[in-house]
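Data block below; observations after.
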Amino acid sequence: MQFYSTKHISPNANLQTVVIKGLPADNGLFMPEVITPLSNNFWQNLPNYTFQEMAFEVTKTLLQNSINDQDLQNIIESSITFDAPLININNNINCLELFHGPSLAFKDFGAQFMAKLMGYFTQQQTNNKPLTILVATSGDTGGAVAQGFLKVKGTQVVILYPSGKISELQEKQLTTIGNNIYALEVKGVFDDCQHLVKTAFLDTQLNNQCNLSSANSINLARLIPQMFYYFWAYKQLKNKNKKIVFSVPSGNFGNLTAGLIAKKMGLPVHKFVAATNANRVFTDYLQNNIFIAKPSIPTLSNAMDVGNPSNLQRINDLYKNNLQNIKNDIEAFSFTDDQTISAMQSVYRLHNYVMCPHTAVAYLGLQQYLQQNANNNLQGIFLSTAHPAKFIEVVNNALNTVIPLPKTLSDLQSKNKQSTIIDVDYGQLKQYVLELNT
Ligand SMILES: *Cc1c(COP(=O)(O)O)cnc(C)c1O
């Protein structure tokens, strides 16, 4: 299987290049040349598959002969190690919980799988320098990436985060892991961290001496495992006769894009709802037929504060830039923080279910779509992307209660932070990375 760039300028690449490089040189995004529908056999066997067996079949069909069966099986067994249960909230409304991984957010699926695939391809390479992954984080991504690469042979991860600008729990998630995970505390803001990382990738001298890579969210390897749980949700639905609507809380639209690919492979989805917060550029795109990127606006669902979603390139490409076809498959709604809080409160009051703010936006999107399309024999699934305890202050305030911390988070509190402090000074980052590689 070959992969092309959505900009169609860079040459096609194989899976190894796609995974290790992340981005084609023309600044497009990689996509598989063909998306093969799943076989009849797959659908017949789905009721009996385990999550891992199902994940294996989906990946094998998508990637074809890019990786041999035994190696693929090992990668799936070491990365897809937590469940995605479907919880019935009320009548036709279900919640797909995607926060049972080590960092308690759905990004664990993408990060775990990508890390194991990167480790696999690094070990295939002839020069045996370790792969050094550089990541800048504003909080959430870093934890998932760190857990994904933990103890993966041939890799080491340097995480840059802004000192004093992330929550204590988030900081502990990055700085207490140890092993091959190194935390750099930068005396600056997130943009400084991102700029330092970008400078490192452009430094030819550093790149000649070290094997640098990024764990960027636009790496295709992160989308693949995000397809698995759409199939897994379908398998768990009791009634397969009602048409299915998925509501996806969206920021960079990677999660939604994975759902669209799952549909292309044959998953029977009637409609996707792209649920966003006040960062409503996608909703405006479908409404006004023109896309205009905007600076991001801070909201309570801050992992979705994106004003120029990176995966829009992939969505446009999947639909050959035909906006009408996009609208046939996707409906978009945006919600304010006040609406988000009200939804958290009413679902807690009526159904005793606690949602994080991102999940609440997805719930609102589903609710609005079902209201507007009543009597249409529909059932809905909204994706829950993070454990509510990750946003404990917002949740406790909104619900006027104290929700318990899950063990993975409470255990962190007693662990000691280990980080190296650097200034916003590229020389210090470079020296650190060079020392790690000697
Ligand atoms: C990253 C993130 C999202 C947005 O996902 P995209 O794939 O970027 O659209 C939603 N919720 C949470 C909790 C996230 O961390």
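The values are calculated or read from the model by the stated rules, or taken from the named source; none is laboratory data. All values reported here derive from a predicted model rather than from experimental measurement. Neighbour counts run over all protein chains shown; Cβ positions are idealised from the backbone, glycine included. The accessibility values were calculated without ligands, DNA or RNA, using every heavy atom of the protein model including side chains. Shrake-Rupley method; radii C 1.70, N 1.55, O 1.52, S 1.80 Å.
Run the accessible area of region 84-215 with a 1.4 Å probe and give the carbon-and-sulfur part as a rounded percent. Kindly include the intermediate steps, with their values, before the conclusion.
Details: 2200 of 4850 Å².
Looking at region 84-215 in its full context, I get 45 percent from C and S.
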* Asked: What does the highest-first list of 405-414, 3-12, 384-393 look like by mean Cβ count within 10 Å?
  -> 384-393, 3-12, 405-414
* Structure fact -> For the pair Asn41 and Gln209, the simple spin-label estimate (label points 7 Å beyond Cα toward Cβ) gives in nm 5.2
* Asked: Given H placed on each backbone N at 1.01 Å, which residues far from Ala332 in sequence or on other chains put an amide H within less than 5 Å of it?
  -> Ala274
* Structure fact -> Which of Lys294/Lys430; Lys107/Lys271; Lys21/Lys187; Lys7/Lys430; Lys129/Lys417 exceed 26 Å between C-alpha atoms? The answer is Lys294/Lys430; Lys21/Lys187; Lys7/Lys430; Lys129/Lys417
* **Size descriptor, Kirkwood hydrodynamic radius, that averages inverse alpha-carbon separations across region 243-310, Å** => 12.7
* Among 289-296, 108-115, what's the highest-first ranking by average C-beta atoms within 10 angstrom per residue? -> 108-115, 289-296
* Ignoring ligands, DNA and RNA, what percent of the accessible area of region 229-352 is carbon or sulfur (1.4 Å)? -> 48
* To do: Write down, largest first, the equivalent ellipsoid semi-axes of region 26-103 in whole Å, where each equals the square root of 5 times an eigenvalue of the alpha-carbon gyration tensor.
  => 25, 17, 16
* Asked: Can you give me the Cα centroid spacing of region 77-101 and region 140-162 in angstrom?
  -> 24
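State the three equivalent ellipsoid semi-axes of region 113-203, derived from the C-alpha gyration tensor as the square roots of 5 times its eigenvalues, in descending order and whole Å.
Over the Cα atoms of region 113-203, the semi-axes work out to 24, 16, 9 Å.
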* **Scattering curve values for the chain, log₁₀ I(q)/I(0), Debye with Cα scatterers, q = 0.08, 0.12, 0.14 Å⁻¹** => -0.43, -1.03, -1.45
* Over the chain, what is the relative contact order in whole percent, taking alpha-carbon pairs under 8 Å and six or more residues apart? -> 18
* Given labels modelled 7 Å from the Cα in the Cβ direction, how far is it in nm from Asn322 to Thr408? -> 4.1
* Asked: Hey, what's the Cα Rg ratio for region 40-171 versus the globular rule of thumb, 2.2 N^0.38 Å?
  -> 1.23
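Once every DSSP H run of n ≥ 4 in the chain is given -39500 (n - 2.57) and the sum is divided by its residues, what mean residue ellipticity at 222 nm do you get, rounded to the nearest 500 deg cm²/dmol?
-13500 deg cm²/dmol
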* What Rg and what Dmax come out for region 194-313 when only alpha-carbon atoms are used, in angstroms? -> 17.8, 60
